[in-house]
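One structure below.
The values are calculated or read from the model by the stated rules, or taken from the named source; none is laboratory data. What you see is a predicted model, and the numbers here were worked out from it, not measured in a lab. Cβ atoms come from the backbone with ideal geometry, glycine included; neighbour counts cover every protein chain shown. To get the accessible areas, we keep the full protein, side chains included, count just its heavy atoms, and leave off ligands, DNA and RNA. Shrake-Rupley method; radii C 1.70, N 1.55, O 1.52, S 1.80 Å.
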Amino acid sequence: MNVDVLIAGAGFSGLGMAIQLRRKMPDATFLIIEKAHDIGGTWYENTYPGCACDIPSHLYSFSFERNPEWSRMFAGQAEIESYLKRCVEKYQLTPHIRLGSRLCEAVWDEAALVWRAATSDGWQIEAKALVCGVGALHLPNYPNFPGLEAFDGPLFHSAEWDHLVDLTGKRVAVIGTGASSIQFVPEIAKQVGQLFLFQRTPAWIIPRLDFAFSEKARQRFRHWRVASWAFRQFIFWLLEIRVLGFLGNRWMRGQGAELARRHLKKQIPDPVLRAALTPKYEMGCKRVLLSSDFYPTLMKPHVELVTEPISYVDPHSIVTSDGREWPIEVLIFGTGFKLAEILQDVRVVGREGIVLSEQWQSRLRAFLGVTISGFPNFFLLLGPNTGLGHNSVVLMIEAQLNYVISCLKLLKKRGKRALDLRGGRLDDFMARVDKRFRTTVWQAGGCRSWYQDQATGENVAIWPGSVLEYAFRTRRAAARDYQLMD
Ligand code: N01
């Protein structure tokens, strides 16, 4: 099969790419391949109880496909998934999506200037451009505790929730207190008999100002498009200004930390528990979490926070380093994802036989998080160093979609067939990124996080700047950055 653009992944990134191709390059042919059996990416895979967005929904959606119907300030997983499905329907993408088809290999054919891709379901696809929207957070991290394989009960990860396991009245252990865990812990606590929550590092948590939009409010968003635009702008600026704190403004960070401390003090009257929940690194170094029901859940008599490190797991319990045994029937991992392994399972071979996973062995790197020297017409969406700690990542995706479209238009305008990032551009870009990190809270905030390469400590996930700056830098591809080929 031949297409102009092959897109891997049918989440926000991949679907956004297809929509922008439809809108801005209607003649381009494209195909989306998706490993899962439905569209939605993160919002298809994560179905744990309480799964929701922690960015206001009006901003966690495409600017070109605003949704006046959001039921709440922070929509739940099912509603976000339906939003994406509506986008698919509206732009008639279904015939262009191949589900249950994983990208296994993509090899650049230097003679024909095309990508030759192979999928898990045996398809061979020839594409002029390859866009990779496979996401950064989809490989569940299962810590390897001694004895885990002998655990004699159901065990699953938040991103692979086993809905067949009935938690009613059970003794359940949850490991991890990150963004996912603080969403499902309050939900399952309503059902379980006993909950042991194993915390390695406490998170900074601020109140989650969630509320349902009234029918009247939705009517206004529906009838006055300017209302949803203005609301979106309001949220954008409210969040965007926070970047100053992450980049080094101590006063601003102090204000955030004060809000979080007050929230903790108000909800956790017990000073011992409060101390255990107080972070010892600077706010923002790890993702700042939003919850108004996590702390109250920890106050419930059948919920216990365990801060001793886990030593091993045996068939019916977890044993901590103080020798204490925690008897459990179900084990749930809220332990996040393996970031460094993104695209490691896909053989991407560029010019002169360079293999992407080998090139990335020392570090994940891409120019503006999107292009890589030696891999012509290959584009990453939400690639390295384009995640955010302060604003909606959908804004970064949109900026990248613009950039990819501008690359494709550049080729069209110049009558060329391929572009490859010039040597040196990536090194310069990465040097600037690294230099910037030195003063940011991500580097200087005294924590280790999944944003960093676990071996080197380099931040490989976050964009060390504002969304505005990123959108400006990706507004158009500069021909001087690329070698154009025909
Ligand atoms: O994962 P996490 P997550 N032993 O990596 C702990 C996005 N997201 O799935 O901090 C013991 O944040 C780990 O402890 P520590 C969002 O970008 C978005 O919750 O490393 N504990 C931590 O407490 C988020 O950042 C939404 O010391 C271990 C937890 O497990 C990202 O997904 C909603 C351990 C992992 O937290 C990941 O969130 C949910 C071990 N060996 C998620 N290994 C939105 O609403 C790890 N931990 C948009």
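Annotations
- What the Cα atoms of region 58-137 give is an Rg and a Dmax of 16.8, 53 Å.
- Just so you know, the averaged projected area of the alpha carbon convex hull for region 166-224 sits at 6.3 nm².
- Listed values for region 37-54 are Karplus-derived 3J(HN,Hα) couplings in whole Hz (6.51 cos²θ - 1.76 cosθ + 1.60, θ = phi - 60°), namely 9, 7, 7, x, x, 3, 7, 9, 6, 8, 10, 4, x, x, 4, 7, 7, 9, and x replaces Gly and Pro.
- In a reduced charge model with +1 at each Lys and Arg Cβ and -1 at each Asp and Glu Cβ, the chain shows a dipole moment near 2400 debye about its Cα centre.
- Measuring between their Cα centroids, region 346-407 and region 218-297 lie 29 Å from each other.
- Largest-first ordering by accessible area, 1.4 Å probe, given options R287, R262, R116: R262, R116, R287
- The listed residues R250, R422 rank as R250, R422 when sorted by accessible area, largest first, using a 1.4 Å probe.
- With the simple spin-label model, which puts each label point 7 Å out from Cα in the Cβ direction, the D166 to E126 separation comes to 5.7 nm.
- Each residue of region 298-309 is assigned a 3J(HN,Hα), and the resulting list reads 5, 7, 6, x, 9, 10, 10, 8, 10, 10, 5, x Hz, derived from the Karplus form 6.51 cos²θ - 1.76 cosθ + 1.60 (θ = phi - 60°), x at Gly and Pro.
- Surrounding net charge for E469, when Lys and Arg each add one and Asp and Glu each subtract one, Cβ distance under 14 Å: +3
- Interchain or long-range residues, amide H under 5 Å from L290's placed H: I206
- Here region 1-66 is assigned +1 on the Cβ of each Lys and Arg and -1 on the Cβ of each Asp and Glu. Its dipole about the Cα centre then comes out at about 200 debye.
- Remark on Q194: its backbone amide H falls under 5 Å from those of K170, R171, V172, a criterion applied only to residues 5 or more positions apart or on other chains, H modelled at 1.01 Å from N.
- Helix axis angle, 393-414 relative to the chain longest principal axis, alpha carbon, degrees: 10
- With the gyration tensor restricted to C-alpha atoms of region 305-394, the semi-axes of the equivalent ellipsoid amount to 41, 17, 11 Å, longest first.
- Database remark: amide H of D314 closer than 5 angstrom to the amide H of V319 (H placed geometrically; neighbours at sequence offset of 5 or more, or on other chains; Pro and chain starts carry no H).
- Principal-axis tilt of helix 250-267 within the chain, Cα atoms, nearest 10 degrees: 40
- Positive end of the dipole of region 15-122 (Cβ unit charges, origin at the Cα centre): among C51, A111, S71, the Cα lying farthest that way belongs to S71.
- Within the chain, DSSP assigns beta bridges of which about 40% are antiparallel (rounded to the nearest 5).
- Residue-normalised convex hull volume from the C-alpha trace of region 388-432: 84 Å³ per residue.
- Each Lys and Arg contributes +1 and each Asp and Glu -1, all at the Cβ; summed about the Cα centre of region 324-385, the dipole is approximately 260 debye.
- Charge dipole (the chain, unit charges on Cβ, about Cα centre) - positive-most of V346, A478, T335: A478
- Cβ distances below 4.7 Å define possible disulfide partners, and in the chain the cysteines left without one are C51, C53, C87, C104, C132, C407.
- Whole-Hz ³J(HN,Hα) from phi, Karplus 6.51 cos²θ - 1.76 cosθ + 1.60, for region 420-432, glycine and proline x: 10, 4, 5, x, x, 4, 5, 4, 4, 4, 5, 5, 5
- Counted over the chain with a bin width of 10 Å, the fraction of Cα pairs per bin, in whole percents, is 4, 19, 28, 27, 16, 5, 1.
- Charge dipole (region 355-470, unit charges on Cβ, about Cα centre) - positive-most of P464, F378, V394: F378
- Local net charge near E105, Cβ-Cβ under 9 Å (Lys/Arg +1, Asp/Glu -1): +2
- Over the chain: helical MRE at 222 nm, DSSP H runs n ≥ 4 each giving -39500 (n - 2.57), nearest 500: -9000 deg cm²/dmol
- The smallest convex shape that holds all Cα atoms of region 151-276, its convex hull, gives 190 Å³ per residue.
- Summing +1 for each Lys or Arg and -1 for each Asp or Glu among the other residues whose beta-carbon sits under 12 angstrom from that of E79 gives +1.
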